[in-house]
Amino acid sequence: MNSSTKHIACILASGASVRFGQANKLLSAFKGRPLITHSIENVHAAGFDRVFCIVPERDTQLQKVCIAGGAELLLNTEPQRGQSQSLVLAAKQALKLKVSSMLIALGDMPLVSPQHFINLRSSMAEDDLVISSDGELYYGSPVLFGTSFFQQLLDLRGDQGAKALIRSLSNSTSVCVSSKQLLDVDTRQELT
């Protein structure tokens, strides 16, 4: 393991945002700033060793906003392949850095508090655990993956993400969080 990097965070920011319309959802204003800025800041505030945004290779405007927020970039050359392509890129980075855990967060979930990210990480007692977020009506992202699952993430395909993988695991758990924090912005109305 790289002695200076134990826990990384990867913010997924390559989605098509079909329900949102033509504008780039992640660059749309939320509380006066680009939507993705909130996710980046909250993950940084939780103290992860490195924060990456997985962005489309051709979206230079989004790349600039992510860099300005202090994130490193992982360029997705095939965002049309769905969320699994972003997860594969994240897993490859985690394997390359030999980290003990990797957080997967979403760029369109601006209200997840730094404390929730800290709670996920502090629940990671061993490397063979997956820890999801559990709201009253929602179960899923953000998710913290232990080392032993990085290889399985490489096998994902399509736009379903890692939900099926997580559901199939006996060694997964969750951390409760207010469903308000788990707002996933899909429409313009949710920005207000």
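Values in this text are rule-based calculations from the coordinates and carry no lab data. Please read all numbers here as calculations on a predicted model, not as lab measurements. Here Cβ is always computed from backbone atoms with ideal geometry, including for glycine, and neighbour counts include all displayed protein chains.
Things to note:
- Taking amide H as placed 1.01 Å from N in the peptide plane, residue 74 has its amide H under 5 Å from the amide H of 53, 54, 55, each at least 5 places away in sequence or on another chain.
- Working from label points 7 Å from Cα in the Cα-to-Cβ sense, the residue 58 to residue 188 distance is 2.4 nm.
- For the chain, modelled as a GNM whose springs connect Cα atoms under 10 angstrom apart, the maximal fluctuation among 90, 71, 125 occurs at 125.
- Here is what passes the span test in the chain: the DSSP H helices with alpha carbon length of 15 Å or more along the helix axis and a Kyte-Doolittle mean of 0.0 or above are 35-45, 83-97.
- Additional length obtainable on full extension of the chain from residue 122 to residue 96, 0.36 nm per residue less Cα span: 7.1 nm
- Short-range pairs are left out: with C-alpha atoms under 8 Å and at least six residues apart, the relative contact order of the range 1-121 is 41 percent.
- Dividing the convex hull volume of the alpha-carbon atoms in the chain by its residue count gives 110 Å³ per residue.
- For the chain, the longest site-free run once trypsin sites (Lys or Arg not before Pro) in DSSP loop states with at most 13 other Cβ atoms within 10 Å are removed: 99-156
- In this structure, the residue pairs whose Cα-Cα separation is over 25 Å, taken from 31/92; 25/64; 31/96; 64/163; 25/180; 31/64, are 31/92; 31/96; 64/163.
- Segment residue 113-residue 29, extension gain: residue separation times 0.36 nm, minus the distance between their alpha carbons: 28.4 nm
- By the Cβ-Cβ criterion of under 4.7 Å, the unpaired cysteines of the chain are 10, 176.
- D_trans [Stokes-Einstein, Kirkwood Rh over alpha-carbon pairs] for the range 118-192, 20 °C, 1.002 mPa s, µm² s⁻¹: 159 µm²/s
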